[in-house]
1. Could you please give the count of residues in the range 109-135 that are under 30 Å from I48 (Cα atoms) and in contact with a Phe, Trp or Tyr (Cβ under 9 Å, 6 or more places away or on another chain)?
2. Output the qualifying pairs, or none if there are none: Cβ atoms under 6 angstrom, residues six or more apart or on different chains, first residue in the range 38-57 and of a type in the set (D, E, K, R), second residue assigned to a helix (DSSP H, G or I).
3. Could you list, in sequence order, all residues of the range 156-177 that are aliphatic (A, V, I, L, M), touching a residue at least 40 places away in the same chain (Cβ under 8 Å) and either loosely packed, with under 15 Cβ neighbours inside 10 Å or in a helix (DSSP H, G or I) (or both)?
4. When the residues of the range 92-126 are narrowed to those that are within 8 Å of the chain's Cα centre (by Cα) and of a type in the set (A, V, I, L, M, F, W, C), which ends up surrounded by the most Cβ atoms within 10 Å (Cβ to Cβ)?
5. Looking at (1) modelled with pLDDT under 95; (2) within 26 Å of Y182 (Cβ to Cβ), find the lone condition where E161 falls short.
6. Collect the residues in the range 105-135 that are of a type in the set (S, T, N, Q) and over 13 Å from F56 (Cβ atoms), keeping them in residue-number order.
7. Do you know which residues across the range 135-155 are among the hydrophobic types (A, V, I, L, M, F, W, C) and either in contact (Cβ under 8 Å) with a residue 24 or more places away in the chain or closer than 15 Å to F181 by Cβ (or both)?
Amino acid sequence: MTKLTKKAIKSSLLELLKIKSLDKITVKDVVESCEINRNTFYYYYSDIYELLEDVFEEETKKVTEEENPCTTFYEEYLRCATLILGYKEAIIHIYQSKSKDVLEKYIETITRYLVRGFVEKAAKGCSINEENIAYICDFYSYSIIGTTLHWIHDGMPPYREDLIKRCADSFEVTIDNMIGFYSIGKK
């Protein structure tokens, strides 16, 4: 019952975020939406913001602990972006709230996970040290994070729907050159 109740609470929050700003959602709104009493809510969470953090922690685990059937950077990036693409209005409301940092942390964690895996895959068999791998990961991660946050800031306009494809293409056409450039003995 615990998992079902927590899932209902999280789903209610995400649904409410489609129509209301995070800062305007109350515990009362959530409990009425998922038809539980206040005590049940407070058994699991101290407030809306703790609930929001739990939503993002669960999504992070889903992405990072799930078997990865994706073979290309684009496919994996698309898989990682499921929450953002599926809950656009909610993401915008979170971005515009005082808890924007929770969203930013989520995007950073997921992006670093995504990029690190593909940089290590591209660097396999190359003579490249950890310092240079870390730099390459930072280079691509900050580019994707910045581009994604800018897109959210602009209200996630539809003309930017190809954002994931463009970021993935940029990564895929440049990663081998980056690895080659930073390989030991080349720089």
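The values are calculated or read from the model by the stated rules, or taken from the named source; none is laboratory data. Everything numeric here is computed off the predicted structure, so don't read it as measured data. Please note: Cβ atoms are built from the backbone with ideal geometry, for glycine as well, and neighbour counts cover all protein chains shown.
1. Of the residues in the range 109-135, 3 are under 30 Å from I48 (Cα atoms) and in contact with a Phe, Trp or Tyr (Cβ under 9 Å, 6 or more places away or on another chain).
2. R38/V31; E53/V102
3. Here is the first cut: in the range 156-177, the residues aliphatic (A, V, I, L, M) are 156, 163-164, 168, 173, 175.
Within this subset, residues satisfying the condition of being touching a residue at least 40 places away in the same chain (Cβ under 8 Å) are 156, 164, 168, 175.
Passing the criteria: I164, A168, I175.
4. Among them, the one singled out is I110.
5. All conditions are met except number (2).
6. Hits for the range 105-135 are T111, S127, N129, N132.
7. Once the filter is applied, which keeps residues that are among the hydrophobic types (A, V, I, L, M, F, W, C) and either in contact (Cβ under 8 Å) with a residue 24 or more places away in the chain or closer than 15 Å to F181 by Cβ (or both), the range 135-155 yields I136, C137, F139, I144, I145, L149, I152.
Okay, residues lined up against (1) at pLDDT below 95; (2) under 26 Å from Y49 (Cβ atoms); (3) of a type in the set (A, V, I, L, M):
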residue: T60; (1), (2), (3): yes, yes, no
residue: N68; (1), (2), (3): yes, no, no
residue: Y74; (1), (2), (3): yes, no, no
residue: L83; (1), (2), (3): yes, yes, yes
residue: A90; (1), (2), (3): yes, yes, yes
residue: S97; (1), (2), (3): yes, yes, no
residue: C137; (1), (2), (3): no, no, no
residue: S141; (1), (2), (3): no, yes, no
